[in-house]
Amino acid sequence: MRLLSLFSTLAFIAGFHGAFCQDRKSSFRSFDEPWVTDSASTMLIPYRYDASLFSSDKMKSWGNYYANYIVYHFNSDSYATLFPDDTYIQAPEPYSYSYSRGSEPRHRNISKSWVFYLVKNKDHNGNGKIDERDPFILYASDTRGENLKPITPESENVVSFVRYEKFGFILLTVQRDSNHDGEFQLNDNDHYLVRVNLSDLSLGNKIEYRNR
């Protein structure tokens with residue numbers, strides 16, 4: 001009953017918040033299924049933009065993304081939004097199993113200490129909107145939804161990442177704007193790999209193809 005009351009309150013807050021975020025117009029937010037990030041305290045509740053808000057000056061519904069997350073601390077029955085303003089966050093793949101047989105499935109973007117997010121929040125090419133040609137930036141928070149910060153520069157596009165919890169890192173595939181037109185497209189074929197250390201979120205050396 002308490003969770004139902006929470007969802008009713010969040011629906012009101014999300015709709016109210018929507019009137020003052022990026023689009024500056026009133027629009028309802030729809031919630032997706034919550035998922036637990038810290039089994040002792042915290043779940044993330046993703047919500048999406050109302051599809052009716054999209055117009056020529058905003059991102060089209062070309063991808064699977066969230067507007068924001070509600071960080072719900074279920075022990076204290078309190079919550080807050082993860083990002084200060086609604087943005088465009090790639091919805092993670094649902095679940096992947098860890099290396100241990102019989103272990104619980106986890107979202108691929110959750111490690112023991114961190115949650116990772118691919119976020120589009122910069123109009124990198126200056127065309128007046130955030131769209132598929134702008135970069136994904138990797139962000140991370142701790143599993144309580146706190147200490148949120150960017151990990152990669154906004155001038156490069158994080159294509160994907162794979163978590164290797166057993167070895168203590170995630171491995172990113174990153175795309176450069178090879179023709180320097182301010183956009184990230186398929187013909188930008190300059191990519192490299194780089195690890196993010198799961199102990200302190202530091203970036204490792206870039207792994208690049210070198211023609212000998």
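Brief remarks on what is shown
- Qualifying GluC sites (Glu not before Pro) in the range 138-188, DSSP loop, other Cβ atoms within 10 Å at most 16: GLU146, GLU154
- Long-range HN-HN contacts of ASP188 with modeled amide H, under 5 Å: none
- Summing charges over neighbours of ASN189, with a neighbour being any other residue whose Cβ is under 13 Å away from its Cβ, gives -3 when K and R count +1 and D and E count -1.
- Using C-alpha pairs below 8 Å separated by at least 6 residues, the relative contact order for the range 104-179 is 24 percent.
FYI, it's all coordinate maths here, none of it is from the lab. Every value quoted in this text rests on a predicted model; they were computed, and no experiment measured them. Every residue, glycine as well, gets a Cβ built from its backbone with ideal geometry; the counts of neighbours run over all protein chains shown.
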